[in-house]
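Peer 1: Submitted below is the structure of interest, expressed as C-alpha cells.
The values are calculated or read from the model by the stated rules, or taken from the named source; none is laboratory data. Predicted model only: the values in this text are computed from it and were never measured. No Cβ is skipped: glycine too gets one built from the backbone with ideal geometry, and neighbour counts run over all protein chains shown. All accessible areas refer to the heavy atoms of the entire protein, side chains included, with ligands and DNA or RNA removed. Shrake-Rupley method; radii C 1.70, N 1.55, O 1.52, S 1.80 Å.
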Amino acid sequence: MATIDMPVREALNQAIDEEMERDDAVYIMGEEVAQYQGAYKVTKGLYQKYGERRVIDTPITEMGFTGLAVGSAYKDLKPIVEFMTFNFSMQAIDQIVNSAAKQYYMSAGDISCPIVFRGANGIAAGVAAQHSQCFAAWYSSVPGLKVLAPYSSEDAKGLLKAAIRDPNPVVFLEQELLYGTPFPMSDEAQGKDFVIPIGEAKIEKEGSDVTIVTFSRGVGLSLEAAEELTKKGINAEVINLRTIRPLDRDTILSSIKKTGRVVTVEDGWPQCGVGAEIAAMCMEDDGVFDSLDAPVQRICGADVPMPYALNLEEAAVPQINDIVEACEKATYRGK
C-alpha cells in the first residue's frame, strides 16, 4: 500500500472497526452511534456490520449508559462509550472518576475496568460556553485514568487501538475541528497491527532554540508558528504530547534541557492546566531548572467562559501569532 491521505474521522472509524473485528468483547454505545451513524460519522457503517448487539443507541442519559458500560467492563466486556461532546461527560463524571478509575485499586487488583470514553473535546466553532471546554487537565488529574489526545490521523488510529486494548479506563479526547482534516497515513498505519504505545510523545519538528509542548489542535498551530519563527531565525522544536496522562517526561524534559526554553500551548484554561503541570516539572527537576535560560511561557485559552461572538471567540483561544510572540519573548527577541 502507498501512503494515502485520510481524514481523522475515518482513521477513528478504522480503529474501532478493526478492534471490533479482532475481539468480540468490544462494543460501542452512545447517543446516535448506530442508526444515525454517529453525530460526527465516526461510527459510520458499524451498525450495519456488527448489528444492534454491539453498536448500541442510547437515550440522552450519560450517567445511565456510562454506568451500564462501566459495569459491563467489570464483567470482561470492553466497551467504548461515545460522548457526543465531552462537555456532556460532566453528567457521568461520577461513573468515570469514582467507578471506572478507582475500581482496580479498590478491589486490590481483582477487578480491572477496560473501557474507553471517547468523543469531541475542546473548542469547536460558535458553540459557546457550555460546549467548548477542554477536559484534558480535568481528567489527567485523576489517578487510575489514562488520557490521550490525538492530533493526526495516524495518532487517532494508533492511539485508539491502544486505548481499546488497554486493561485500564482511558479517556480519549478528540477534536471536532480536526475530524474532517486529512493527514498522511503510511503503509504501516493502514495495517491492522498498527498501535501507538500510550505514554510516548512525538517530536513533530526538531529544533534547537525553543521547545513548544502542545497537543491536539495546538500541534497544527505550533507547526505553523514554527514555520514563521524560522523566517525570524528561531529554530523551534515542536512536541506533540499525544498522551496527557501519563506524560512522557523524558521526551519533554530532554528537549527543554537541549533548548533551554519552553512554551506550552493548549486550548484549556490556564489555572491548573497542562502547561502549568509542565512548568512545575521544569521547576522540580534540578537538571532542567538549571538549564532554563528564560521563564516558562504558557499559551492557554482565556480565563473566561467561551464567548459566542466570532471575534470574541477568536480572542479567547490561542492563535498562531500568540505562539510566535511567546517564542520570541522566550528567546529575548520580542518585546
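Peer 1: Can you spot the aspartates and glutamates whose alpha carbon is less than 16 Å from residue 41's alpha carbon? Ignore those fewer than 8 places along the same chain.
Peer 2: Partners within reach: 10, 17, 31, 32, 57, 82, 174, 176.
Peer 1: Which of the peptides 161-167, 109-115, 227-233 is most tightly packed, and how do the rest follow, judged by the mean count of other Cβ atoms within 10 Å per residue?
Peer 2: Ranked by mean Cβ neighbours within 10 Å, highest first: 161-167, 109-115, 227-233.
Peer 1: Determine, from the Cβ-Cβ distance of residue 235 and residue 127 and an R0 of 41 Å, the FRET efficiency 1/(1 + (r/R0)^6), rounded to the nearest 0.05.
Peer 2: Numbers: r = 37 Å, r/R0 = 0.90.
Efficiency computed from Cβ-Cβ geometry: 0.65.
Peer 1: Report the calculated FRET efficiency for residue 36 and residue 74 (r = Cβ-Cβ distance, R0 = 30 Å), to the nearest 0.05.
Peer 2: On the way: r = 29 Å, r/R0 = 0.96.
E(calc), rounded to 0.05, equals 0.55.
Peer 1: At 7 Å along the Cα-to-beta-carbon direction for both residue 283 and residue 57, put a label point, then send me their distance in nm to one decimal.
Peer 2: Using points 7 Å along Cα→Cβ, the separation is 5.2 nm.
Peer 1: A follow-up question, please. What distance in nm separates the two pseudo spin-label positions at residue 258 and residue 44, each 7 Å out from Cα along the beta-carbon direction?
Peer 2: For residue 258 paired with residue 44, the spin-label model returns 3.8 nm.
Peer 1: Right, here's the next one. Of all accessible surface on region 4-190 at a 1.4 Å probe, what whole percent is carbon and sulfur?
Peer 2: 53 percent
Peer 1: Okay, moving on. List the lysines whose alpha-carbon lies under 24 Å from that of residue 232, not counting same-chain residues fewer than 8 positions away?
Peer 2: Hits, sequence-local ones excluded: 205, 257, 258, 329, 335.
Peer 1: Mind jotting down the distance between the C-alpha centroids of region 269-335 and region 55-116, whole Å?
Peer 2: 33 Å
Peer 1: Just to verify a number: FRET efficiency for residue 21 and residue 228, C-beta to C-beta distance, R0 = 35 Å, to 0.05?
Peer 2: 0.20
Peer 1: Can you give me the % of accessible surface on region 202-330 that is carbon or sulfur? Probe 1.4 Å, all protein chains present, nothing else counted.
Peer 2: 48 percent
Peer 1: Residues with beta-carbon under 9 Å from that of residue 300, excluding residue 300: net charge, scoring Lys, Arg +1 and Asp, Glu -1?
Peer 2: Around residue 300, the surrounding residues sum to -2.
Peer 1: Can you give the net charge of the other residues whose Cβ lies under 9 Å from the Cβ of residue 200, counting K and R as +1 and D and E as -1?
Peer 2: +1
Peer 1: While we're on this one: Give, in nm to one decimal, the length gained when the segment between residue 2 and residue 208 is fully stretched (0.36 nm per residue of separation minus the Cα-Cα distance).
Peer 2: 70.9 nm
Peer 1: A further question on this structure: Before I look further, what does region 4-190 give for accessible area per residue, probe 1.4 Å, in whole square angstrom? Can you show the working numbers first?
Peer 2: On the way: 7330 Å² over 187 residues.
Roughly 39 Å² per residue, with all protein chains present.
Peer 1: Which value, in debye to the nearest 20, describes the size of the charge dipole of the chain about its Cα centre when Lys and Arg Cβ atoms bear +1, Asp and Glu Cβ atoms bear -1, and nothing else is charged?
Peer 2: The calculation lands at about 180 debye.
Peer 1: To make sure I understand the rule: partners must be lysines, Cα under 20 Å from the Cα of residue 102, and not fewer than 8 residues away in the same chain. Which ones qualify?
Peer 2: Within the straight-line cut-off, residue 102 pairs with 75, 78, 146.
Peer 1: Under a crude label model (7 Å from the Cα following the beta-carbon direction), how far is residue 294 from residue 308 in nanometres?
Peer 2: 4.0 nm
Peer 1: OK, next. I'd like to check one number: the per residue accessible area of region 202-330, probe 1.4 Å, reported in Å² as a whole number.
Peer 2: Using a 1.4 Å probe on heavy atoms only, each residue of region 202-330 averages 44 Å².
Peer 1: Which entry in (1) 18.9, 56; (2) 19.8, 60; (3) 18.0, 61 matches Rg and Dmax of the Cα atoms in Å derived from the coordinates of this structure?
Peer 2: Computed from the coordinates, Rg and Dmax of the Cα atoms in Å corresponds to (2).
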